[in-house]
1. Run the dipole for region 1-152 about the Cα centre, Lys and Arg Cβ at +1, Asp and Glu Cβ at -1, nothing else charged, and hand back the magnitude in debye, nearest 20.
2. What's the ranking of 231-239, 355-363 by average number of surrounding C-beta atoms within 10 Å, highest first?
3. Determine the sum of side-chain charges near ASP329: Lys and Arg each +1, Asp and Glu each -1, restricted to other residues whose C-beta is under 15 angstrom from that of ASP329.
4. For VAL335, what accessible area in Å² do you get when you roll a 1.4 Å probe over the heavy atoms of the protein chains, rounding to the nearest 10?
5. Provide the gained length on full extension for the span ALA136 to SER263, in nm with one decimal, where the gain is 0.36 nm per separating residue minus the Cα-Cα distance.
6. Report ILE166's accessible area, 1.4 Å probe, all protein chains in place, as a number in Å² to the nearest 10.
7. Please name which of GLY353, LEU387, PHE155 has its Cα lying farthest along the dipole of the chain towards the positive end, using unit charges on Cβ (Lys, Arg +1; Asp, Glu -1) and the Cα centre as origin.
8. How high is the relative contact order of the chain, in percent, with contacts defined as C-alpha pairs under 8 Å that are six or more residues apart?
Amino acid sequence: MSVDRSEFRQGWKVVAASALGIGLGLSPIPFYTMGVFVGPLSAEFGWGVDQIRFSIVIMTFGAMLMGPVAGMAADRFGVRRVVLVSLALFGLTLAGFALSNGSLTLFYVNWMLMAALGSGTLPITWTRAVNNWFNANRGLALGLSLLGTGLFGAFAKLYANYLIGIVGWRMAYVGLALLPLLLSLPVAYFLFRDVTDKGATGAPVKVAHRGFTLRQALGTYRFWVLAIAFVPIAFAVGGPIPNLEKILGSKGLDAQQAVQIASLIGPSVIAGRLIGGWLIDRFWAPAVAFVLLALPAAACVLLTGDGVTATPAIVAVLLIGFAAGVEYDILAFMVSRYYGMRAYGAIYGMMYGFFALGAGFGPFTFGRMFVQSGTYDTALIYGAIALLAGAAMLLTMGRYPAPESLPEGETQA
């Protein structure tokens, strides 16, 4: 299948705005920057590291609950309106951490507010417009749009650490908040349009009204296959990543080696986004998913046992990163292909809730098993089994329905 360059000529603005909006949104910024704020917050208020890190769990559950709401709002009121409002509210609630007064309860409340009000910056919303603008190159466009999570997340961590060093942690939160407010928000305002929005010049044939409603989707076996399959997949891919340095260190690699090898996760995520997106445009997405999401099962096995050397560790990290790069893309792609765009936001939002459930418990479970047993081997074996099981379930999805066979109606769930 050749690349339809006309799609990119028409839709590149949407891809660019989405990459920036997702990259400076709720999904990566709090997660990537949490580590650099732990020390200053602990020193200022005497909070334990576990108490501070628990906020990520709160955010995950907030996003899990509000993600479907953001998706439904995008279907009903238009995705552009939702992302613009949510970007502003996300920035303001992120700046709100600068007002922390030592109350752990208020700190947690602010995390919940940020998750609820910033849920419109999750991939649930942005990918709706990307899917509408692209057909032949939909997977690649999704991959490019989701590159922002790794690129801007890593930048935000360095940026926050720099600000803490020169202006302190309170103003560092304000500086972080300026990223979505001064960068993502104006770019989205001028560049981000869905095909049904006023001013969407050169928009492709409108397909946004075709597809299943949320209620119809819930009644199909494919919905539950996707939802249930991505819980163990998200658990097994997300579990090792925050623990990589400790996993490698526990296998006998020195601290510098462990950090260097773990840093390969970033480039491999980028490769996964691009290569995975290119592949699902050309081959049946469940088969691509089975191969790319089952391979990290071998990575988990490579990291078990005593005395893991550098070479198998590098291979394992690359495979895990590659899988982390394709899981979002494949989920968004399959929702659009199997259910159409009529209620894409609502359906993908529900799927994201299941995905977040697995991703939220993965890092905690891996860490907990290590504390209890002194080794990550048990968690890694469970992860390998979870990946194989989840990936195999996707093979039952069947063929994509013909677009003209999808029901037609209003763009709401």
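The values are calculated or read from the model by the stated rules, or taken from the named source; none is laboratory data. Since the model is a prediction, treat every value here as computed from it, not as a measurement. Positions of Cβ are backbone-derived with ideal geometry, glycine not excepted, and every protein chain shown enters the neighbour counts. Areas reflect the complete protein model, heavy atoms only, side chains present, ligands, DNA and RNA absent. Shrake-Rupley method; radii C 1.70, N 1.55, O 1.52, S 1.80 Å.
1. Working: 9 positive and 5 negative charges, 106 e Å.
Dipole about the Cα centre, nearest 20: 500 debye.
2. Top to bottom by mean Cβ count within 10 Å: 231-239, 355-363.
3. Around ASP329, the surrounding residues sum to +3.
4. So the heavy atoms of VAL335 present about 0 Å² to solvent.
5. 42.4 nm
6. Accessible area, nearest 10 Å²: 100 Å².
7. Comparing the listed Cα positions along the dipole, GLY353 ranks first.
8. Numbers: 754 pairs, mean separation 107.1, N = 413.
Over the chain, the number comes to 26 percent.
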